[in-house]
Amino acid sequence: MISIVNPLENSFWLQFILHQKNATIFHHPAWLSVLHEQYGFNVFALCTVDEKGIINAGIPFCSIRSFGGKEKWISLPFSDHCVPLYNNKNSLNEIMEHIMLSQKVNRISEVEIRAELPIPNSFAKRTNSTLHNTPLYKDIDKTFSTFKKTQVQQPILKAARDGLKAIVTNEQSAVNRFYNLHSQTRRRLGVPVQPRKFFDVFWKHIIKINMGFVVLVYADSQCISAGLFSGFSRTLTYKYGASDETMLRLRPNNLMIWTAMQEAIKRGFRFFDFGKTDVHNAGLRNFKSGWGSIETPLFYSYFPVLPENGLFSFVKNNVVGPIIRHSPTFVCKWSGELLYKHFA
């Protein structure tokens with residue numbers, strides 16, 4: 001039987017994902033609460049349930065509205081990937097059939113699932129990105145040995161020799177230090193920064209309850225690199241990173257990532273998820289591959305048809321980006337406050 005479940009309140013949803021090896025932080029009520037509180041998205045999960053309400057398969061969604069007011073379902077916005085979870089493929093097939101019927105009956109403009117579907121279906125798919133996951137071993141030295149020597153190992157050792165210090169913390173003040181660096185980084189890249197409140201919400205729902213942490217790297221008393229990490233089940237996800245461009249010669253990002261991996265091993269995680277990378281970004285793909293990661297293509301699935309790169313994407317990439325790169329940091333922050341919700 002198909003049921004629409006509120007994953008923020010329904011205890012069966014949490015019990016279900018606790019037993020799914022492919023579940024990540026993106027399936028967890030903590031992350032879904034961030035999306036709901038910050039952006040006001042209607043969060044729901046389409047599930048198959050038995051007579052006791054036990055879930056056998058489920059896909060979390062957010063319902064969003066386009067500039068034109070049309071409704072769209074995404075699994076999930078601001079999430080690199082979100083695979084459907086299921087105990088058997090028949091249950092998943094029920095959900096897919098329900099989605100296709102609902103799209104027509106409820107006039108949903110588009111359904112987007114950020115994963116490749118594991119069963120025959122009528123969804124269109126495409127890939128513009130890759131994923132990189134590094135296996136983590138209980139033996140920290142064994143994990144370190146999988147890294148490329150000159151590309152990763154030596155920069156980590158150099159950062160330590162040069163006196164850089166990395167700390168792991170759950171303090172909200174660390175999120176503030178991250179945000180200062182993050183704003184500078186996003187401006188350099190020509191990308192609007194998330195609203196400031198978003199990181200307070202992220203801290204409240206994820207880091208504060210120990211489902212994530214912050215890594216800060218210092219050169220003397222100056223914070224020069226920072227990363228936000230969140231994890232669930234077997235995987236720690238590298239969600240956001242930032243650094244001081246003038247200090248990159250000291251390789252603080254290498255030390256920051258390695259510190260996060262060591263913390264992940266201590267917490268029992270088996271994989272380190274670097275997140276998605278544009279398939280054309282050879283430099284970043286090469287960097288992530290140096291960490292002993294496994295690269296796989298990242299497919300997104302769409303119904304009823306593949307979306308086109310519309311006017312909004314053109315404006316974001318060809319108008320907003322150049323303006324941000326050549327403007328003070330407050331423009332990056334202001335554009336994020338105004339527009340970021342629509343970049344889902």
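Values quoted throughout were computed directly from the atomic coordinates according to the rules given, and no laboratory measurement underlies them. Owing to the predicted nature of the structure, the values given are computational and were not obtained by experimental measurement. All Cβ positions, glycine included, derive from the backbone under ideal geometry; neighbour counts span all protein chains shown.
A few notes on this one:
- For residue 223, neighbours were defined as the other residues whose beta-carbon sits under 9 Å from its Cβ, and their charges (Lys and Arg +1, Asp and Glu -1) total 0.
- Cut-off 10 Å between beta-carbons: net charge of the residues surrounding residue 270, Lys and Arg +1, Asp and Glu -1: +3
- Cross-link pairs exceeding 24 Å in C-alpha to C-alpha distance, out of 21/148; 72/125; 52/89; 165/197; 104/239; 165/288, comprise 21/148; 165/197; 104/239.
- Considering only the chain, percent of DSSP beta bridges that pair antiparallel, nearest 5: 90 percent
- Paramagnetic label reach from residue 267 (point 7 Å along Cα→Cβ; backbone nitrogen cut-off under 14 Å): within region 163-182, residues 168-171.
- If only the Cβ of Lys and Arg carry +1 and only the Cβ of Asp and Glu carry -1, the dipole of the chain around its Cα centre is close to 820 debye.
- Exposure proxy ranking, count of Cβ atoms within 10 Å, fewest first, for 5, 193, 105: 105, 5, 193
- Residues whose placed amide H lies under 5 Å from that of residue 232, excluding near-sequence neighbours: 25, 237
- Listed residues 8, 45, 233: farthest to the positive end of the dipole of the chain (Cβ charges): 233
- Over region 2-122: Rg over Rh, Cα atoms, Kirkwood Rh: 0.93
- Taking region 2-122 and dividing mean pair separation by its residue count, relative contact order in percent (alpha carbons under 8 Å, at least six apart): 24 percent
- The stretch between residue 200 and residue 137, if pulled fully straight at 0.36 nm per residue, gains 19.5 nm over its current Cα-Cα span.
- Cα→Cβ-extended label distance, 7 Å offset, between residue 52 and residue 161, nm: 6.0 nm
- 3J(HN,Hα) from dihedral phi, region 109-120, Karplus parametrisation 6.51/-1.76/1.60, rounded to Hz, x for glycine, proline: 5, 7, 10, 10, 10, 8, 5, 8, 7, x, 10, x
- Stretch in the chain that is longest and holds no GluC sites (Glu not before Pro) that DSSP places in a loop and that have at most 12 other beta carbons within 10 Å: 52-307
- Cα long-axis angle, helix 89-105 against the chain (0 to 90 degrees, to the nearest 10): 70 degrees
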